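Remarks on the structure that follows.
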Amino acid sequence: LFPYTTLFRSSQGTWWQTGADAAVRIPVGAVDIAGETELDFGKYSNDYGSVQIWGLRAQGGILWRSFEVALRYAILGPDSKFAYMTVPLTDSEPIQEITPSAAWYIKGRNLKLLVDAPIIIHDPVFTETGVGSYAATDLPDQATVLASMGTPTTSTVNRQTVYEGRLMLRARCP
C-alpha cells in the first residue's frame, strides 16, 4: 500500500525498521500477572519519495487457574502519503485498537477457547460501490477497489470505528 513502490518505472527502494519490546510475568499468590509493551518505527524510500509508520502496543493480563483475562491497546501512526495508485488511504491520524479478551485453558496449553472483542478506532474502511465494505486492518488488499488501471473508481475510503467479535478454539498437538 505504498505509493512509491512503483509509479511508472521500477525504482529500487530501501526499507528499514527498528523496534524495542519488553515483557514481565509476576506470580502474585494464586494469580499470574503479565504485561508486555512494544514500540516500532519503519520507513520505505526510493527515487519517488518516502513513507514512514510507527506503532506502539501495550497489553496486560491476569491468569487464575485455567482462566485468563487481558486488555490490549495498540496505536499505529500512518504516513499521510499512504495511497493506492493516486487515491490517498489515510491521513496522519493514528489508528487505535482496544481489545478486551478472555481465555479458558481447557487442557493446559494444548486446548484453549478464546473470545475477544477488538474495537478499532479511525480504521480506514474501503467501500466498494454496490458490493460492500472492508476494514483495512483486516483486508488491506481491498484497497485495489479504489482505482483501476491508475484511474480512481467510485469506491471510497473513510475512517470509521469498527467493532469486531471473535471466538477461537486453538488446539496444539503435543
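The values are calculated or read from the model by the stated rules, or taken from the named source; none is laboratory data. Worth saying up front: this structure is predicted, and the values here are computed from it rather than measured. Positions of Cβ are generated from backbone atoms using ideal geometry, with glycine treated the same way; all protein chains shown enter the neighbour counts. Ligands, DNA and RNA are stripped out before the accessible areas are found, and what is left, the full protein with its side chains, is counted by its heavy atoms. Shrake-Rupley method; radii C 1.70, N 1.55, O 1.52, S 1.80 Å.
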Taking N as the residue count of the chain, its alpha carbon Rg divided by 2.2 N^0.38 Å gives 1.27
Here the Kirkwood hydrodynamic radius of segment 9-50, Cα-based and in Å, equals 13.6
For segment 1-94, listing chymotrypsin sites (Phe, Trp or Tyr not before Pro) in a DSSP loop whose Cβ sees at most 10 other Cβ atoms within 10 Å gives Phe8
From highest to lowest solvent-accessible area (probe 1.4 Å; ligands, DNA and RNA excluded), Ile121, Ile98, Ile26 read Ile26, Ile98, Ile121
In nanometres, the difference between 0.36 nm per residue of separation and the alpha-carbon distance of Arg25 and Leu71 is 15.1 nm
Given backbone amide H placed at 1.01 Å from N, residues whose amide H is under 5 Å from that of Ser11, ignoring those fewer than 5 places away on the same chain, are none
The chain accessible area per residue, 1.4 Å probe, protein heavy atoms, integer Å², reads 62
For Ser155, other-chain or 5+-apart residues with amide H closer than 5 Å (H placed, Pro excluded) are Thr129
FRET efficiency for Met85 and Leu139 from the Cβ-Cβ distance with R0 = 25 Å, rounded to 0.05, comes out at 0.90
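Counting only protein heavy atoms, what percent of the accessible surface of segment 1-108 is carbon or sulfur at a 1.4 Å probe?
Answer for segment 1-108 is 61 percent, counting heavy atoms of protein chains only.
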Computed from the beta carbon distance with a Förster radius of 25 Å, FRET efficiency for Glu164 and Arg57 to the nearest 0.05 stands at 0.90
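For Thr153 and Lys107, calculate 0.36 nm times their separation in residues minus their Cα-Cα distance, and state this gained length in nm to one decimal. Intermediate values should be presented prior to the final figure.
Numbers: separation 46, 0.36 × 46 = 16.56 nm, distance 5.08 nm.
Contour length minus Cα-Cα distance gives 11.5 nm.
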If N is the residue count of segment 97-174, its Cα Rg over 2.2 N^0.38 Å rounds to 1.52
